[in-house]
1. I want to confirm something. Restricting to the stretch 23-45 and keeping residues that are among the aliphatic types (A, V, I, L, M) and open to solvent by 30 Å² or more (accessible area, probe 1.4 Å), which single residue is nearest to Ile133 (Cα to Cα)?
2. List the strands (runs of 3 or more DSSP E) that sit entirely inside the stretch 102-171 and contain at least 3 residues that are under 17 Å from Ser57 (Cβ atoms).
3. Only one residue in Lys4, Lys9 is without any contact (Cβ under 8 Å) to a residue 40 or more places away in the chain and more than 15 Å from Phe94 (Cα to Cα), so which one is that?
4. So which residues in the stretch 79-97 are charged (D, E, K, R) and part of a helix (DSSP H, G or I)?
5. Is one or more of the residues making up the stretch 62-78 out of contact with any strand residue (DSSP E or B) (no Cβ under 9 Å at 6 or more places or on another chain), open to solvent by less than 60 Å² (accessible area, probe 1.4 Å) and part of a helix (DSSP H, G or I)?
6. Please work out which residue is farthest from Asp125 (Cα to Cα), limiting yourself to the stretch 26-53 and to residues that are of a type in the set (Ser, Thr, Tyr) and part of a strand (DSSP E or B).
7. Can you tell me which residues in the stretch 139-181 are closer than 19 Å to Ile69 by Cβ and aliphatic (A, V, I, L, M)?
8. When you look at Lys9, is it outside any helix (DSSP H, G or I), more than 14 Å from Leu135 (Cα to Cα) and basic (Lys, Arg), yes or no?
Amino acid sequence: MMEKMPIGKAFTLMEPGPVVLVTTKDGEKNNIMTISWTMVMDFTPVFAITTGPWNYSYAALQQMRECVIAIPTVDLIDTIVGIGTCSGSDTDKFGKFGLTPLHGGFVGAPLIKECLANIECTVVDIIEKHNIIVLESVAAWFDHTRQEQRTLHAVGDGTFIVDGERLDRKRMMRSKLPDGI
């Protein structure tokens, strides 16, 4: 039987994933923020994240108009949560959490060596009314040598879901998928 739930918790039914780390560079200082509110926009290399002036990295996103979306795996859960619970205004997050910044090929913001994948992005739009930053990918990197490849998905209430078994239905969906996918 269906039971009514508080409307303020409805987002926990649809929280997207995976949880990502977004790196920025304000011209001098590297920073990292944890983001669980992300969106893939069609089959193009365009993404959106939700953040705003309450996050230290927001000013760098506005000013430099670039970032890296780094995709961590389940073995980094405590690092992911730790990054999300301190501010880059007074914390060197790369140093505090033992992460290695790497130079990408196209943006000044660093890749994170310990992550499964990194996507270099430029900011193409900031929709202030909804705190949405639209990003276009200019390069993507994937570490095929990484043993752990399961990602985390935030439920939104301090709990997480770990990726599980992958179910393949590509043949059934072929007519809806672009060539090369």
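1. Result: Met39.
2. 117-127, 132-142
3. Of Lys4, Lys9, the one residue that is without any contact (Cβ under 8 Å) to a residue 40 or more places away in the chain and more than 15 Å from Phe94 (Cα to Cα) is Lys4.
4. Lys93, Lys96 - these are the residues of the stretch 79-97 that are charged (D, E, K, R) and part of a helix (DSSP H, G or I).
5. No, the stretch 62-78 contains no residue that is out of contact with any strand residue (DSSP E or B) (no Cβ under 9 Å at 6 or more places or on another chain), open to solvent by less than 60 Å² (accessible area, probe 1.4 Å) and part of a helix (DSSP H, G or I).
6. Selected residue: Thr34.
7. The answer is Ala139, Ala140, Leu152, Ala154.
8. no
The values are calculated or read from the model by the stated rules, or taken from the named source; none is laboratory data. Computed from a predicted structure; not experimentally measured. All Cβ positions, even for glycine, are placed from backbone atoms using ideal geometry, and neighbour counts span all protein chains on display. Only protein heavy atoms, including side chains, enter the accessible area calculation; ligands, DNA and RNA are left aside. Shrake-Rupley method; radii C 1.70, N 1.55, O 1.52, S 1.80 Å.
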